[in-house]
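Remarks on the structure that follows.
The values are calculated or read from the model by the stated rules, or taken from the named source; none is laboratory data. Bear in mind the structure is a predicted one, so any value in this text is a computation, not a measurement. Note: ideal-geometry Cβ built from the backbone for every residue, glycine included; neighbour counts use all protein chains shown. To get the accessible areas, we keep the full protein, side chains included, count just its heavy atoms, and leave off ligands, DNA and RNA. Shrake-Rupley method; radii C 1.70, N 1.55, O 1.52, S 1.80 Å.
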Amino acid sequence: MLVVVLLIGLTVVAKNRSIRKVIFQVEEGIYLDCVKKLLSLPLAFHLRENTGSLIGKVIKGVGRLTDMVGIVYWEILPLLVQTLVTVAVVFYLSPGVAVVILVAVIFFLYLTVSLKRRFAAIRKERHEYDAQVDELAGQAITNVMTVQSFAQEEREYEALKKLRHLIVEHADKEF
């Protein structure tokens, strides 16, 4: 029994290490690709766009993508394998119960997709506010000498606070 427990523990450690390695490789690749793309864009683009907003979008985007990869590897794939094995065993033992389980799974998948679509617009608006916050903060910090010269620290802070409050309000609408 001790050997089995040790083997299971070692397998979990090896799996977690390999998943972490994949996540870090994905994160590095996406981040470097984004930076390379930003560096290759024409100067007119950079004059038109806000650096703080772009950097914020890259950082948040990379973070969300790596979170998604982690969720897929740590949660969705194991759950999918467990579900398939369970359904196969239940189908073998009791086909009627397996059909009921399959109907329930299909119903919950439909419900999940429906809710995701319903909240997509709210999430998109929240991400737009996130970009505005990054842009405003980037401008204020990049131009801190000007902001301080005209004693506008409080005004900049209040504008950021107002946008962050809108983000929190939209987050409440998602649930």
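Descriptive notes on the structure:
- Residue count for the stretch 1-30, restricted to those that are open to solvent by 100 Å² or more (accessible area, probe 1.4 Å) and in contact with a Gly (Cβ under 9 Å, 6 or more places away or on another chain): 1.
- Number of the exception - Val147 against (1) open to solvent by 80 Å² or more (accessible area, probe 1.4 Å); (2) farther than 29 Å from Lys15 by Cα: (1)
- Failed condition for Phe119, given (1) closer than 19 Å to Thr51 by Cα; (2) modelled with pLDDT of 80 or more; (3) surrounded by 12 or more Cβ atoms within 10 Å (Cβ to Cβ): (1)
- Elements of type helices (runs of 4 or more DSSP H) in the stretch 1-83, at least 1 residues being among the polar types (S, T, N, Q): 2-40, 51-71
- For Gly70, the criteria (1) open to solvent by less than 40 Å² (accessible area, probe 1.4 Å); (2) within 30 Å of Thr142 (Cβ to Cβ) hold in every case but one, which is (2).
- Matching residues, the stretch 32-43, being at pLDDT below 85 and open to solvent by 100 Å² or more (accessible area, probe 1.4 Å): Leu39, Leu43
- Taking each residue of the stretch 3-32 that is within 28 Å of Lys57 (Cα to Cα) and looking for partners that are loosely packed, with under 12 Cβ neighbours inside 10 Å with beta-carbon atoms closer than 6 Å, six or more apart or interchain, yields nothing.
One line per residue, one yes/no per condition, for (1) touching a residue at least 40 places away in the same chain (Cβ under 8 Å); (2) among the β-branched types (Val, Ile, Thr):
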{"position": "Ala104", "(1), (2)": "no, no"}
{"position": "Leu115", "(1), (2)": "no, no"}
{"position": "Phe119", "(1), (2)": "yes, no"}
{"position": "Glu128", "(1), (2)": "no, no"}
{"position": "Glu135", "(1), (2)": "yes, no"}
{"position": "Thr142", "(1), (2)": "yes, yes"}
{"position": "Val168", "(1), (2)": "no, yes"}
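- Test set (1) of a type in the set (Ser, Thr, Tyr); (2) without any contact (Cβ under 8 Å) to a residue 40 or more places away in the chain; (3) surrounded by 14 or more Cβ atoms within 10 Å (Cβ to Cβ) - Ser94 fails condition number: (3)
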